[in-house]
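Input: a single structure, listed below in structure tokens.
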Amino acid sequence: MHQITPVVPKKGEKVRNAVWARQLANVMVWADTDLRLRPIAKYVMFCATNRKAALYFPLRSTSALVIAPRCFRLFTIVVYSSPMFREMTRTFRSDRALRWIVFTVAFALRLVVLLEYRDVPYYDRPYSDSEHYHRRAVEIVGGDWLGAQASFLGSPLYPYFVAAIYKPFGISFTLLFLVQVLLGSATCVLIYRLTRALSRDGPYPALLAGLMTAGYGTFAFYDVTVLMTSLEVFLLCAAIVLLVSERSGRMVALVSGALLGLAALGRPNLLLFAPVVFLWLVYRERNRGAARSWRSGTLFAVGCVIAIAPVSIRNYVVARDFVPISSSAGINLYIGNNPDADGHLSLPPGSGLDPSRLYDTSRAIAQEHTGRGDMKPSQVSRYWTGKAIEFIGHSPGAAARLVWKKFALFWNHYEIPNVYNKYYVASRFVPMLRWLFVSFGLIAPLALIGIVLSLRKRDWGSPGGLYAGFVLIYMLSVLPFFVTARYRIAVVPFLIVFAAVAPWRVAGLIRARSVGWLAAVLLVGVGCASWVNRPGSEGSYWLSRSAVGKSYSDLAAEHPEEADGYLDAAVVELKKAAELSPNQMAPRFYLGQVLYQLGCYSAAAQQFDAALSMQPGNNVAEQGRDAAQAAYQTGGDKTDASSLPTTPLERALQYRRAGNNAEAERELLLALESDPQHVRVYNELGFLYASGKQYEKSIEYYRKGLRYAPDNPVLLKNLGFVYVEIKAYGKARKQWEHALELNPSDQSLVQALRQLPAR
């Protein structure tokens, strides 16, 4: 081993250069045993002590030609050891630089999503809640600042946010989405700062949290929808960032409370977290004196009230009724707690509630049942709250099971759609959403590990205590209602924070050789990952297909030269929507309108009739049926029903009737590619394979169908018949008994059970 004489820095030299030269020279000599690197090492020492950067010094020496095979290795050693590189690394590692990296990555990804999202037919045709917000924003731009009634939907702030963009620039969905993309990118930076406040392991956990947020597809998806989700999450994160920042003072607490109050205007149950923040502030500042600790909590509460007060005052002025934020709590509570509730946003069949006119129908039903002619919004809400409490009181066991089901849905990997379906949009129009692989199923197990390891010292006054408290309180506030991705998304920023610090916490356990804690963490992590990522109850694409079909119909009216193509596409989408959810009124109604436009009047009248059977008394549907019947009686159909475009399921049924089972199978499998939750297709495939005595494949597809519709009596009944064919009588009995519970009037099942052998 060659030895290098240490160089003592002369007067005026930087010590770090001499230290670097000594270390590098020794590394170079150690790295070589057969080649003479000593001259190069001395040259490095000379350059460093004279403050001359010599990153390319091998090229200046004839010895570099001799050591060519090791040039790259030496160059790497020099670069990583140089003061210049260390200075660059120090700059790169600064919080400001890392925050810009997070923002840039997030913005670039979301910009691609926005550009691809422009291909969605309803891009500039919002529907459901989005249509309400858009229409209200247009009214505000037109000068109607107060509106005509108290707020019903949970986001009275969002229309004003949209109107602020519409007013100077006109109605531009692209500009609106671009602003929300900027907010979403800024949210990634806020989550970086939330993690920085929690982690003591340098900036890299925070960088990981920011990049995870940037790659979380659900955040990017909601940034390009006409919903308050982006604004709501941004305001929430900003409020908590202020609370955990190193700054303290009256204005910090006041502004933080105001930001949380503004976020609550989009998600009112966030207010349930305010008392927790109040107590956390009091506890955190308990050592600074009682007066100061209580002052911070009080100012935070005042900030919340200041943010909410204008909406409450506005509601009282226009409705003469005290509605703090919105009046939808009662009906939402009933949707989540009734004999037909399943934990999702699903209206009880036969209730008369219409999702497109939920306020009007809920108010009309309440007035009819109470006999009161003009109920105020708060009274309507109390009526439905009473109905929900009545169900809980009469069926406590069913209510408890429902709470457990909603808890399981809350912690499932599947992002339950509400207005817009991310999975449908990703599969048809926005492939970038498929590349954003960070998912709830990845975050939640890591977050649980991070929570356990961050709070094992029980430091409740730390940021970790506040974050964990929010996750708990917010989850408890959702469970009484129903679970959707849009309602759950508020906890995701804090789960990402804990998920990002988890690897560093585990690394600390490894360094400390805490075998017990490591074993416990491994057990918890694996168990949570398997439970969160278990198959869930995935919803079908019926609502999205219905919206796309309606948009194609509108495009046909706007572009007459391309009307035929748009109308054909509308027919296919609306037929698929009706197949996916046969009991929904909207696809039938819109399909009737499209068929009327095509001149297929007899089929249009049939669709309007089907819509009326699901929603009797719908005046628009009655008018459409009457017009279609009159047109048919006058001149017959202009377009024959047989010439209409067909869906894969329709073609499969035609092939099966013709005895061509191979083509029927191909069409059915094609249908599943575009609609993996198509329960009827699973039933047809099960029947097709059973008729060919392929019982294992038949059972496989029946079970897949039951995954999406576990209480479908047709699937249960048919699966039971297959079990009888393979003499699995016990399994057949189980399926049939369940089917009979769901459909007690099925006498064929009663007879089959009587004839079933005991074993």
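Values computed for the structure shown
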{"read-out": "Some residue of the range 696-712 being free of Cβ contacts under 8 Å to residues at least 12 places away in the same chain, within 21 Å of Glu579 (Cβ to Cβ), of a type outside the set (A, V, I, L, M) and out of contact with any Phe, Trp or Tyr (no Cβ under 9 Å at 6 or more places or on another chain)", "value": "no"}
{"read-out": "Single residue of the range 554-585 satisfying the filter (among the small types (Gly, Ala, Ser) and over 23 Å from Asn418 (Cβ atoms)) that is surrounded by the fewest Cβ atoms within 10 Å (Cβ to Cβ)", "value": "Ala557"}
{"read-out": "Odd one out for Arg363 among (1) buried (at least 19 other Cβ atoms within 10 Å of the Cβ); (2) of a type in the set (Lys, Arg); (3) assigned to a loop (DSSP other than H, G, I, E, B)", "value": "(3)"}
{"read-out": "Residue match in the range 332-353 (condition: open to solvent by less than 50 Å² (accessible area, probe 1.4 Å), in a helix (DSSP H, G or I), out of contact with any Lys or Arg (no Cβ under 6 Å at 6 or more places or on another chain) and among the aromatic types (Phe, Trp, Tyr))", "value": "no"}
{"read-out": "Test: residue in the range 283-290 that is more than 26 Å from Phe219 (Cβ to Cβ), of a type in the set (Lys, Arg) and in contact with a Lys or Arg (Cβ under 9 Å, 6 or more places away or on another chain)", "value": "no"}
{"read-out": "Members of the range 417-436 that are within 21 Å of Ser346 (Cβ to Cβ) and part of a loop (DSSP other than H, G, I, E, B)", "value": "Pro417, Asn418, Val419, Tyr420, Asn421"}
{"read-out": "Among (1) outside any loop (DSSP other than H, G, I, E, B); (2) of a type outside the set (Phe, Trp, Tyr); (3) in contact with a helix residue (DSSP H, G or I) (Cβ under 6 Å, 6 or more places away or on another chain) - the single one Pro645 does not satisfy", "value": "(1)"}
{"read-out": "Residue match in the range 65-88 (condition: within 30 Å of Val419 (Cα to Cα), open to solvent by 30 Å² or more (accessible area, probe 1.4 Å) and modelled with pLDDT of 50 or more)", "value": "no"}
{"read-out": "Any hit, the range 648-655, residues being at pLDDT 90 or above, open to solvent by 20 Å² or more (accessible area, probe 1.4 Å) and not in a helix (DSSP H, G or I)", "value": "no"}
{"read-out": "Restricting the range 368-379 to residues that are in contact (Cβ under 8 Å) with a residue 12 or more places away in the chain and touching a helix residue (DSSP H, G or I) at 6+ places or on another chain (Cβ under 8 Å), the residue that is most open to solvent (accessible area, probe 1.4 Å)", "value": "His369"}
{"read-out": "Top-ranked residue of the range 302-323 - restricted to ones that are open to solvent by 60 Å² or more (accessible area, probe 1.4 Å) and assigned to a loop (DSSP other than H, G, I, E, B), ranked as farthest from Ala264 (Cα to Cα)", "value": "Arg320"}
{"read-out": "Hits in the range 715-759 (condition: among the polar types (S, T, N, Q), part of a helix (DSSP H, G or I) and either touching a Leu at 6+ places or on another chain (Cβ under 6 Å) or open to solvent by 80 Å² or more (accessible area, probe 1.4 Å) (or both))", "value": "Gln735, Gln747, Gln751, Gln755"}
{"read-out": "Residue in the range 477-492 that is open to solvent by less than 10 Å² (accessible area, probe 1.4 Å), in a loop (DSSP other than H, G, I, E, B) and closer than 13 Å to Phe440 by Cβ present", "value": "yes"}
{"read-out": "Conditions (1) exposed (fewer than 12 other Cβ atoms within 10 Å of the Cβ); (2) among the hydrophobic types (A, V, I, L, M, F, W, C); (3) in contact (Cβ under 8 Å) with a residue 60 or more places away in the chain: number failed by Leu644", "value": "(1)"}
{"read-out": "Answer residue from the range 586-608, given it is under 32 Å from the mean Cα position of the chain (by Cα) and without any contact (Cβ under 8 Å) to a residue 40 or more places away in the chain and is surrounded by the fewest Cβ atoms within 10 Å (Cβ to Cβ) among those", "value": "Phe589"}
{"read-out": "Count of residues meeting criterion [among the hydrophobic types (A, V, I, L, M, F, W, C) and open to solvent by 10 Å² or more (accessible area, probe 1.4 Å)] in the range 458-470", "value": "2"}
{"read-out": "Of all residues making up the range 265-279, the number that are open to solvent by less than 30 Å² (accessible area, probe 1.4 Å) and in a helix (DSSP H, G or I)", "value": "4"}
{"read-out": "Selected residue (only one of Tyr632, Tyr655 is farther than 23 Å from His678 by Cβ and out of contact with any strand residue (DSSP E or B) (no Cβ under 7 Å at 6 or more places or on another chain))", "value": "Tyr632"}
{"read-out": "Matching residues in the range 415-457 - criterion: being hydroxyl-bearing (Ser, Thr, Tyr) and either surrounded by 20 or more Cβ atoms within 10 Å (Cβ to Cβ) or without any contact (Cβ under 8 Å) to a residue 40 or more places away in the chain (or both)", "value": "Tyr420, Tyr423, Tyr424, Ser454"}
{"read-out": "Which listed residue is under 28 Å from the mean Cα position of the chain (by Cα), buried (at least 17 other Cβ atoms within 10 Å of the Cβ) and not in a helix (DSSP H, G or I), from Gly539, Gly525", "value": "Gly539"}
{"read-out": "Selection from the range 133-154 of residues that are open to solvent by 10 Å² or more (accessible area, probe 1.4 Å) and within 21 Å of the chain's Cα centre (by Cα)", "value": "Leu153, Gly154"}
{"read-out": "Some residue of the range 191-200 being closer than 19 Å to Ala108 by Cβ and of a type in the set (A, V, I, L, M)", "value": "yes"}
{"read-out": "Subset of the range 231-255 [small (Gly, Ala, Ser) and modelled with pLDDT of 90 or more]", "value": "Ala238, Ala239"}
{"read-out": "Conditions (1) within 23 Å of the chain's Cα centre (by Cα); (2) modelled with pLDDT of 90 or more; number of the one not met by Asn418", "value": "(2)"}
{"read-out": "Conditions (1) outside any loop (DSSP other than H, G, I, E, B); (2) in contact with a helix residue (DSSP H, G or I) (Cβ under 7 Å, 6 or more places away or on another chain); number of the one not met by Thr225", "value": "(1)"}
{"read-out": "Residue in the range 150-169 that is in contact with a Phe, Trp or Tyr (Cβ under 9 Å, 6 or more places away or on another chain), aliphatic (A, V, I, L, M), under 30 Å from Arg135 (Cα atoms) and outside any helix (DSSP H, G or I) present", "value": "yes"}
{"read-out": "Residue check, Arg125 closer than 29 Å to Arg314 by Cα, in contact with an Asp or Glu (Cβ under 7 Å, 6 or more places away or on another chain) and open to solvent by less than 50 Å² (accessible area, probe 1.4 Å)", "value": "yes"}
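Conditions tested, residue by residue: (1) among the hydroxyl-bearing types (Ser, Thr, Tyr); (2) under 30 Å from Leu446 (Cα atoms).
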site	(1), (2)
Val112	no, yes
Tyr127	yes, no
Leu190	no, yes
Tyr204	yes, yes
Thr225	yes, yes
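The values are calculated or read from the model by the stated rules, or taken from the named source; none is laboratory data. What you are looking at is a predicted structure, and each value in this text was computed from that prediction instead of being measured. For neighbour counting, all protein chains shown are included, and Cβ atoms are generated from backbone atoms with ideal geometry for every residue, glycine included. Each accessible area value is taken on the protein alone, full model and side chains, heavy atoms only, with ligands, DNA and RNA left out. Shrake-Rupley method; radii C 1.70, N 1.55, O 1.52, S 1.80 Å.
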